[in-house]
Amino acid sequence: AHSYKGIIRQWNIANNSKYLSAIYKNEIPYEQEVLTAIQQVNEYIMISLRTIHGIDLSRIPAEFHKGLTVEIEQYKQKGWLIQKNEMLTLSRTGKLYADKIAADLFIIPS
């Protein structure tokens, strides 16, 4: 299981034996990482795109929004993305390509 809390991504350890041993000791065995600013934006894109609410483009920092424009237009023209004001959602067909669309919208560190 994974969780995401803004700047931290956390998950249960993958080793079943160590996991059960920790649980028996009333410990919660997990690992976590602190996300960079770019990772936070990408996480927001990936998670939000999969919801009925979609991506709120006004939440993406101005310096990153410029990088999304070309891909957004390409997928709007294909009918895979729907934009209403600052909200961007997947169309019914777009849901079939959610992973590709999210990956293409990701900000690549320079």
Count, please, the residues in segment 72-110 that happen to be part of a loop (DSSP other than H, G, I, E, B), modelled with pLDDT under 95, more than 11 Å from Leu57 (Cβ to Cβ) and within 18 Å of the chain's Cα centre (by Cα). 4
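For segment 28-36, indicate whether the set of residues that are within 15 Å of Ile7 (Cα to Cα), at pLDDT below 90 and in contact with a helix residue (DSSP H, G or I) (Cβ under 6 Å, 6 or more places away or on another chain) is non-empty.
No.
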Would you check if Thr69 is farther than 30 Å from Asn12 by Cβ, at pLDDT 90 or above and among the hydroxyl-bearing types (Ser, Thr, Tyr)? no
Do we have any residue at all in segment 54-63 that's in contact with a Leu (Cβ under 7 Å, 6 or more places away or on another chain), open to solvent by less than 40 Å² (accessible area, probe 1.4 Å) and either farther than 24 Å from Pro109 by Cα or at pLDDT 90 or above (or both)? yes
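The values are calculated or read from the model by the stated rules, or taken from the named source; none is laboratory data. All of these numbers come straight from a predicted model, not from anything done at the bench. Cβ atoms come from the backbone with ideal geometry, glycine included; neighbour counts cover every protein chain shown. Calculation scope for accessible area: heavy atoms of the full protein, side chains included, ligands and nucleic acids excluded. Shrake-Rupley method; radii C 1.70, N 1.55, O 1.52, S 1.80 Å.
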